[in-house]
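Taking it in order: structure first as structure tokens, then the write-up.
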Amino acid sequence: MLQRFLCSMLLLPVFLSAAGQQHKVGIVLSGGGALGFAHIGVLQALEESGIRPTIIAGASMGSLVGALYASGMSPLEIYHVAKGNHFDHSSSILAPIIKRGQLGISSQKKVDQFLRVHLPHNSFDSLKLPLYVSVTNLTTNKSEFISTGDNLIPYLLASSAIPVVFEAVEMDSMIYVDGGVLNNFPAQAIRKKCRVLIGVDVTPNFEDSDHLTGIIEMLGHTLHTLVHNNSIPGRQLCNHLIEPNFGKEYSVMSFKFFEEIYQHGYTVTKAYLAEHPSLVKQAKTN
């Protein structure tokens, strides 16, 4: 009995350490609508350098890409299924609705169907890697991180339900919308669970604008500013921050530029790795 007790005491620090930092590399994938296609290129470039995150946090499009990666798909597989389902056409994503009391101008029916094919178990616990999804609960007016349970697909749809554009998701008497509304960069969910945290922000702040040409541009600039500011706390938690900055060339609705956005994420990450060899070293150090 005494030997067992002493053995347990000796192993306790090891168990505590493992519980505190189970993963060598974690990754945070920001929201950003169509700009989130860059995440696929980022993951591809990281894997080519031998860097494979084993825990993921994501918001909006980042949560969708993160879920596919967490299911065991390689970045190239994600690329091909996205292309194969014509996600480079907004008509393959938007499904306009007209009904009384609707909570958005478009449903996510097409995205829902896609996810049910590629994530048939509809469970966080069935994923091969831990995934934390950022959602905004409009009923409680709070940001939430979801990582367990059997409602994987509904929470993914909620996390990517851009207000007004996509219909809100109702679950358990709660109304959920895009996680980016309150936390577009949910590093807080996994910071303590990994040794090295890589952040990928596809909506870094663009240059100040002193001349806005219309209502749409003003709305877009306002939303971008809000999203960037709620991302700052999470950005500050990362060891490495990769920023595929698109300026004003592409927008969150630039689905037809899938290839260019994917390639930009890949190219920016390759350049970052070349400039930061310490990331490769840290990711491979035991």
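Observations on the model:
- All positions within segment 53-67 that are surrounded by fewer than 24 Cβ atoms within 10 Å (Cβ to Cβ) and in contact with a helix residue (DSSP H, G or I) (Cβ under 7 Å, 6 or more places away or on another chain): ILE55
- Subset of segment 44-60 [over 20 Å from LEU237 (Cβ atoms), part of a helix (DSSP H, G or I) and in contact with a strand residue (DSSP E or B) (Cβ under 8 Å, 6 or more places away or on another chain)]: none
Let's see how each residue does on (1) free of Cβ contacts under 8 Å to residues at least 12 places away in the same chain; (2) under 17 Å from the mean Cα position of the chain (by Cα); (3) open to solvent by less than 10 Å² (accessible area, probe 1.4 Å):
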| site | (1), (2), (3) |
| --- | --- |
| ASN122 | no, no, no |
| PRO130 | no, yes, no |
| SER159 | no, yes, yes |
| MET171 | no, no, no |
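- Odd one out for GLY199 among (1) open to solvent by less than 50 Å² (accessible area, probe 1.4 Å); (2) over 18 Å from the mean Cα position of the chain (by Cα); (3) modelled with pLDDT of 95 or more: (2)
- Within segment 132-142, tally of residues that are open to solvent by 50 Å² or more (accessible area, probe 1.4 Å) and not in a loop (DSSP other than H, G, I, E, B): 1
- Residue pairs whose Cβ atoms lie under 6 Å apart, sitting 6 or more positions apart in sequence or on different chains, and linking a residue in segment 242-271 that is within 16 Å of LEU76 (Cβ to Cβ) to a partner that is modelled with pLDDT of 90 or more and assigned to a loop (DSSP other than H, G, I, E, B), are GLY265/PRO244.
- Filtered by the rule that a residue be in contact with a Ser or Thr (Cβ under 9 Å, 6 or more places away or on another chain) and surrounded by fewer than 20 Cβ atoms within 10 Å (Cβ to Cβ), segment 255-272 gives LYS256, GLU260, LYS270.
The values are calculated or read from the model by the stated rules, or taken from the named source; none is laboratory data. This one's a predicted model, so the numbers in the text were calculated from it and none came from an experiment. In this analysis, Cβ positions are derived from the backbone assuming ideal geometry, glycine residues included, and neighbour counts consider all displayed protein chains. Side chains are part of the model used for accessible areas, which takes the heavy atoms of the whole protein and leaves out ligands, DNA and RNA. Shrake-Rupley method; radii C 1.70, N 1.55, O 1.52, S 1.80 Å.
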